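**Q** After the structure tokens below, expect a handful of questions from me.
The values are calculated or read from the model by the stated rules, or taken from the named source; none is laboratory data. As the structure is a computational prediction, the values presented were derived from the model and not from experiment. No Cβ is skipped: glycine too gets one built from the backbone with ideal geometry, and neighbour counts run over all protein chains shown.
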There are 2 protein chains.
Amino acid sequence: MSDKQQTALSPRRDEDFPEWYQQVVRAADLAENSEVRGCMVIKPWGYALWERMQGVLDGMFKATGHRNAYFPLFIPLSYLEKEAAHVEGFAKECAVVTHHRLEAKDGKLVPAGELAEPLVVRPTSETIIGAAYARWVKSWRDLPILLNQWANVVRWEMRPRVFLRTAEFLWQEGHTAHETREEAEEETMKMLRVYEAFARDYLAVPVLTGEKSEGERFPGAVKTYCIEAMVQDRKAIQAGTSHFLGQNFSKASGIQFQSREGKLEHAWTTSWGVSTRLIGTLIMMHSDDDGLVVPPRIAATHVVIVPITPKEDSRAAVLEAAEALAAALRKIDYHGATLGVEVDTRDLGGGVKNWEWIKKGVPVRIEIGPRDLAQGTAAVARRDRGPKEKEFLPMADIPGLMGGMLDGIQQTLLERATAFRDTHTRKIDSLEEFKAFFTPENRQKPEIHGGFALAHWNGSKEVEERVKDDLKVTIRCIPFEDSPEPGICIFTGEPSRQRVVWAKSY
Amino acid sequence: MSDKQQTALSPRRDEDFPEWYQQVVRAADLAENSEVRGCMVIKPWGYALWERMQGVLDGMFKATGHRNAYFPLFIPLSYLEKEAAHVEGFAKECAVVTHHRLEAKDGKLVPAGELAEPLVVRPTSETIIGAAYARWVKSWRDLPILLNQWANVVRWEMRPRVFLRTAEFLWQEGHTAHETREEAEEETMKMLRVYEAFARDYLAVPVLTGEKSEGERFPGAVKTYCIEAMVQDRKAIQAGTSHFLGQNFSKASGIQFQSREGKLEHAWTTSWGVSTRLIGTLIMMHSDDDGLVVPPRIAATHVVIVPITPKEDSRAAVLEAAEALAAALRKIDYHGATLGVEVDTRDLGGGVKNWEWIKKGVPVRIEIGPRDLAQGTAAVARRDRGPKEKEFLPMADIPGLMGGMLDGIQQTLLERATAFRDTHTRKIDSLEEFKAFFTPENRQKPEIHGGFALAHWNGSKEVEERVKDDLKVTIRCIPFEDSPEPGICIFTGEPSRQRVVWAKSY
């Protein structure tokens, strides 16, 4: 078998995308399913991605005036019921705590100590945080409240898929309360822009931004805005949402304040969140048939050095050179932080080690062997290029070149993803064309098949539902347009205010 | 009313310590009880302390070779049952999930979708993590596994108290698996030393280290080691624990590996954790009758600048000087990080603002008024000194002096806490003396009353239980001693290997 056959993933992306995804996760050792249905174990290599995401986003939240806090895991059932649309949206996926101890009965432990009121494990925290805000807010002087929490949430999933759809997931949820509608709307949009910038600048994920249609809105929100990405099977993935909640939740929770005019008014609230789903998005966006590809700006480990030590007599010198290079690289400032550099000194073959790091998606791999050492060079490989492609660079030059090389990889990934999305996005002006665009059998015909269809729509929820039932295609977002181009709805022939984005989605 | 009367807390520490504690928490706006029994809301000023603790500890864990991961919130009841002592220890305080959705019934939402097997919300994760390790470990080459997780846990509490004892709390739990008993024992001790150093160097909390007696051991552990602090009411608080689990959990979970000799063996495991209880420890250790006192090394905000702007014409100049000083201070490197500096520009009186920051425990307060400005000075006050005590320092000198001043505060707090503990720790050699030492009515007689009693004990669990029942005093730890001093048990007259530490505790 060739090296390639031994090591690339099976199946390839174009053979079976969902199974390929599972293989990337497994090969990079990111996460696995636990024996608790729908709950994943996030393994260290996967969790390191989440830690980096947390670190960067947390800085962006603080820079926009937010602080962190923590609210209870459990929500009394009666709180959830206060907002009718909200409870309706979440009732089918709530984990419910009904007892507070275990007791032996007939030699078996059974739940005991039944609670007077069942507690729901938070699927999201608008209602429990709303109850706190109602206690805290008395006057307009107490506003705005700008808080975020990093937490776990639970939404019972019938068809779980690691990172993308899990019963328990990790996320952040921002919750803010404001004096005026305008301020709350501004906040909603500001955080959407934070998500957009984060996705683009760190994850190398180009996203569309826009509003969700009524059918896809967060339960209880007045408006839901989103960032939507196209991954490599041309499907859409919602990577983050920002909700303008109007006064719905402040009325449900009683968040009232004395206004500047001395009147009692309800606050205007927002909420916004991204989750470990971002890891799934990242995987499906950039990875290839060799495994995971991590954009340098979100990588915890930027460079791995693989010493090649075939002979005992040159072993010490090679290891020393590897450690010296690692030390020099660790001193580099890369966008305000130090580089993550590992030296893989394990007693395994160079090829085995190299492929392991390819699968783990490390942006740059450096091999140093006795011959390199003699010539003062090292073999440098970039994860955005083929697995065999190496550049022999003078060892002394590598630290100085590394920042630019990493930025180059980052840019390549963003450009590739943007080009891919643009190639598979098309204006569609007839229903026939629309159907062909989404017919799986047309997949190999890029001239008629695609991912994002920009099509006119009459604004009707019924039409949206019909398309969803017939073709499994939904409106991903109604893009922000300075001068929307009116047209004719391709489904009804009725007038349309603007084109909206249709796609199959995760 | 004098300024002092308006602002100091009521009651004082010596009047009603438990109520004083609640007042410190409230005055500093650290946390509050939620309407979910036993679950607290950690407010931004309290959460910032936790974030700092997380940041420092996380760095220490990584420096000792650990990585972070994340395991499921829910534990199948059958997992918990695998270790008999473990489930026995936690059965009475388990929140149990029995249903996975809500359904309308007679116009009311009720739990529906009963689970085939109830799920316990993790009170600790040995069993669920053990199940994962059992999947991962095949050979001695897979060991050690050195992981940590930052998570929320739930232990139903009948008498909750904010930060000290809450139904839900935040913590970290390290879980490691090793090839040999010796390695696991070494790990247990290494992490105990990490906790000890963290408490001393960051929290300014001097701790005793030692082993727990059998009665105070973690359910399922072979040995439990702890760090124990004495707070200002002379009670002990267990601030962190490190457990040597032997092969108990690896046998329960089936963590087996092929040894170097080719035999199938069970791994040796450890676990270790600290929680948001550390915040409660910090509060009770250093705070005074004016409110919270935060040691500089754990503070998120080190300095607050309060501009005094009585007249409109000098207002702009004062604010400008305050911002300039803040900018200069923010450039200072304080133990490898930048200083947290706030300028309080709120439209409130200087006295009101000043007292607010005193109560919030900010290490250094700087007032700048028009007169200071004219003289090129500012009034600098340290939180470890009286609220009225100020030093007028040349403005230009302040940035250069700040690092030393903060270190001075840190040192004062540690010295004070150490002196307090030592003053209230005594060798006790008779039962009569022991009883007097712990009789509340003797509290005002420091010559016979105290906090930590170092007394001989015959090693019997029954004696320990009797003392607990009679006097509410327990063994806090069996200190590590290079050359233990043998003696006579004060309770039974039997031989004793060494003195152990007795105290009332939280």
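**Q** Could you list, in sequence order, all residues of the stretch B:396-448 that are over 30 Å from residue B:323 (Cα atoms), touching a residue at least 60 places away in the same chain (Cβ under 8 Å) and over 22 Å from the mean Cα position of the chain (by Cα)?
**A** Selection gives B:427, B:428, B:429, B:430, B:431, B:434, B:438.
**Q** Which one of A:203, A:146, A:170 is in contact (Cβ under 8 Å) with a residue 24 or more places away in the chain, within 25 Å of residue A:295 (Cα to Cα) and not in a loop (DSSP other than H, G, I, E, B)?
**A** Among A:203, A:146, A:170, only A:170 is in contact (Cβ under 8 Å) with a residue 24 or more places away in the chain, within 25 Å of residue A:295 (Cα to Cα) and not in a loop (DSSP other than H, G, I, E, B).
**Q** Residues A:322, A:316, A:327, A:299: which one is in contact (Cβ under 8 Å) with a residue 12 or more places away in the chain and more than 25 Å from the chain's Cα centre (by Cα)?
**A** It is A:322.
**Q** From the list A:176, A:180, which residue is in contact with a helix residue (DSSP H, G or I) (Cβ under 6 Å, 6 or more places away or on another chain) and either more than 30 Å from residue B:118 (Cα to Cα) or at pLDDT 95 or above (or both)? Give the steps one after another, and end with the answer.
**A** Values: A:180 fails: in contact with a helix residue (DSSP H, G or I) (Cβ under 6 Å, 6 or more places away or on another chain).
Just a single option satisfies the conditions, and that option is A:176.
Results for (1) within 7 Å of chain B (Cβ to nearest Cβ); (2) surrounded by 22 or more Cβ atoms within 10 Å (Cβ to Cβ); (3) of a type outside the set (Asp, Glu), shown as yes or no for each residue.
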| position | (1), (2), (3) |
| --- | --- |
| A:79 | no, yes, yes |
| A:84 | no, no, yes |
| A:95 | yes, yes, yes |
| A:100 | yes, yes, yes |
| A:104 | no, no, yes |
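**Q** Suppose the filter is buried (at least 17 other Cβ atoms within 10 Å of the Cβ) and closer than 20 Å to residue A:209 by Cβ; does residue A:426 pass it?
**A** On the way: buried (at least 17 other Cβ atoms within 10 Å of the Cβ): yes; closer than 20 Å to residue A:209 by Cβ: yes.
So residue A:426 passes the test.
**Q** Among the numbered criteria (1) more than 10 Å from chain B (Cβ to nearest Cβ); (2) more than 27 Å from residue B:122 (Cβ to Cβ), which one does residue A:25 miss?
**A** All conditions are met except number (2).
**Q** Further question on the same structure: Only one of these conditions is not met by residue A:195: (1) aromatic (Phe, Trp, Tyr); (2) within 14 Å of chain B (Cβ to nearest Cβ); (3) in contact (Cβ under 8 Å) with a residue 24 or more places away in the chain. Which number is it?
**A** Every condition holds for residue A:195 apart from (2).
**Q** May I pose another question? How many of the residues in the stretch B:438-496 are over 30 Å from residue B:190 (Cα atoms) and touching a Cys at 6+ places or on another chain (Cβ under 8 Å)?
**A** Number of matching residues: 2.
**Q** With the condition being free of Cβ contacts under 8 Å to residues at least 24 places away in the same chain, I'd like the strands (runs of 3 or more DSSP E) fully within the stretch B:1-106 carrying at least 3 qualifying residues.
**A** Correct list: B:96-105.
**Q** While we're looking at this one, here's another question. Within the group B:474, B:425, B:439, which residue is within 30 Å of residue B:385 (Cβ to Cβ) and of a type outside the set (Lys, Arg)?
**A** When all the criteria are applied, what remains is B:425.
**Q** Which residues, counting only those in the stretch B:112-130, are touching a strand residue (DSSP E or B) at 6+ places or on another chain (Cβ under 9 Å) and more than 20 Å from residue A:72 (Cα to Cα)? Give the steps one after another, and end with the answer.
**A** At the first step, the residues of the stretch B:112-130 found to be touching a strand residue (DSSP E or B) at 6+ places or on another chain (Cβ under 9 Å) are B:112-115, B:117-130.
The answer is B:112, B:113, B:114, B:115, B:117, B:118, B:126, B:127, B:128, B:129, B:130.
**Q** So is residue B:456 crowded, with 17+ Cβ neighbours inside 10 Å, over 25 Å from the mean Cα position of the chain (by Cα) and not small (Gly, Ala, Ser) or not?
**A** Spelling it out, residue B:456 is indeed crowded, with 17+ Cβ neighbours inside 10 Å, over 25 Å from the mean Cα position of the chain (by Cα) and not small (Gly, Ala, Ser).
**Q** Would you please name the residue that is farthest from the other protein chains (Cβ to nearest Cβ), looking only at residues in the stretch A:40-69 that are buried (at least 21 other Cβ atoms within 10 Å of the Cβ), over 19 Å from residue A:340 (Cα atoms) and in contact with a Leu (Cβ under 7 Å, 6 or more places away or on another chain)?
**A** Per the criteria, the residue is A:66.
**Q** Next question. Restricting to the stretch A:214-269, give me the number of residues that are more than 20 Å from residue A:126 (Cβ to Cβ), acidic (Asp, Glu) and part of a strand (DSSP E or B).
**A** 1
**Q** Can I ask one more? With (1) surrounded by fewer than 16 Cβ atoms within 10 Å (Cβ to Cβ); (2) within 22 Å of residue B:74 (Cβ to Cβ) as the list, and residue A:36 as the residue in question, which single condition is left unmet?
**A** (1)
**Q** Check residue B:117 against each of (1) within 9 Å of chain A (Cβ to nearest Cβ); (2) among the acidic types (Asp, Glu); (3) not in a helix (DSSP H, G or I) and name the one condition it does not meet.
**A** (1)
**Q** For the structure I just gave you, tell me whether residue B:143 is surrounded by 20 or more Cβ atoms within 10 Å (Cβ to Cβ) and either of a type outside the set (Gly, Ala, Ser) or facing chain A (nearest Cβ under 10 Å) (or both).
**A** On the way: surrounded by 20 or more Cβ atoms within 10 Å (Cβ to Cβ): yes; either of a type outside the set (Gly, Ala, Ser) or facing chain A (nearest Cβ under 10 Å) (or both): yes.
Yes; evaluated as a whole, the condition is true for this residue.
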